[in-house]
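What follows is a short report on a single structure.
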Amino acid sequence: MKRLFLYLIPVVSAAGACSHGSGGGVKLKTDLDSVAYVIGMNVGLNLQRMDSTLNAEAVCEGIRDVFRGKTRMTMDDAETFYLSYVNYALPEKARAYEEQFLEDIARSNRSYARTSSGVTYTVEEVGDQDLIPTSDRDSVALRWVIRTADGEEVTSSYERGDTVRSTLRNLRSGVRESVKLIGRGGKILSWLPASEAYGAEGDKELGIAPNSTLYYEIELLEVDKYANRYRRR
């Protein structure tokens, strides 16, 4: 995170001073002016992806102060504040928003229930109640679709035409908890808080951002009870 901060400062500084007002304040008279504007666009897009609620005028003021050679914080103070915000304040805001989001789902749809960990679910098919995975050593075969909170599909075993096979203990904790609520042939729809899914790290390969609330559609195809395997030995 420190590297990100140190990289961000010179990139933003290179964008040139922002103009006061709501746009159109700077005329692009030369090629260099246009280059500066393009850099500013790029910086703006990157900052918007990081946090679309940022105060653009405050960002511009920081750039202007760098060019004036008179900033309101030292670089050390700025780095300390930034890292504190990213590592502590921002995750807390995300958790509070997530909690409200999941509560609203449960309140607006009575078919949904919540577990103590925050997993918010509804069972579409209960499945075979004689074959419910209960031990973390039980093996299961699953098909699932994973989506982000805004509905974007992350991955689908249906589209890939494959089956996810795993012991329960090797699944994400929210998936493990969800699967234990249905039997073989069952289907469950679960909203997983970030802490029960990919956490603060996310998954770059899958395109899952840090602290993401995820929606899972899970179908339990097979259950191989550990106790039965143990008896067969």
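Hey, among the residues in segment 21-37 that are within 19 Å of Phe67 (Cα to Cα) and at pLDDT 80 or above, which one's surrounded by the most Cβ atoms within 10 Å (Cβ to Cβ)?
Looking at residues that are within 19 Å of Phe67 (Cα to Cα) and at pLDDT 80 or above, I get Ala36.
Among the residues that make up segment 88-106, is at least one of them under 30 Å from Gly186 (Cβ atoms) and part of a strand (DSSP E or B)?
Among the residues of segment 88-106, not one is under 30 Å from Gly186 (Cβ atoms) and part of a strand (DSSP E or B), which makes the answer no.
With the requirement that a residue be surrounded by fewer than 12 Cβ atoms within 10 Å (Cβ to Cβ) and either over 14 Å from the mean Cα position of the chain (by Cα) or not in a loop (DSSP other than H, G, I, E, B) (or both), what does segment 107-152 give you?
Arg107, Ser108, Asn109, Arg110, Ser111, Ser116, Gln129, Asp130, listed by residue number.
What's the number of the condition Ser84 fails, among (1) under 17 Å from Ser173 (Cβ atoms); (2) not assigned by TED's automatic domain parsing to the domain that holds Ala197?
(1)
What about Thr163, is it in the same structural domain as Tyr226 (by TED's automatic domain parsing), over 15 Å from Glu217 (Cα atoms) and of a type in the set (Val, Ile, Thr)?
Answer is no for this residue.
Only one of Glu219, Glu196, Glu201 is closer than 12 Å to Val140 by Cα and acidic (Asp, Glu). Can you tell me which?
Glu219
Looking at segment 26-35, can you tell me whether even one residue there is in a helix (DSSP H, G or I) and under 25 Å from Ala209 (Cβ atoms)?
No: zero hits.
Tally time: how many residues in segment 59-70 are over 16 Å from Gly40 (Cα atoms) and under 33 Å from the mean Cα position of the chain (by Cα)?
Looking only at that region, the number is 0.
Taking the residues in segment 162-215 that are under 9 Å from the mean Cα position of the chain (by Cα) and more than 18 Å from Asp150 (Cβ to Cβ) as candidates, determine which candidate is surrounded by the fewest Cβ atoms within 10 Å (Cβ to Cβ).
Looking at residues that are under 9 Å from the mean Cα position of the chain (by Cα) and more than 18 Å from Asp150 (Cβ to Cβ), I get Glu201.
The values are calculated or read from the model by the stated rules, or taken from the named source; none is laboratory data. Source: prediction; values computed, not measured. Cβ atoms come from the backbone with ideal geometry, glycine included; neighbour counts cover every protein chain shown.
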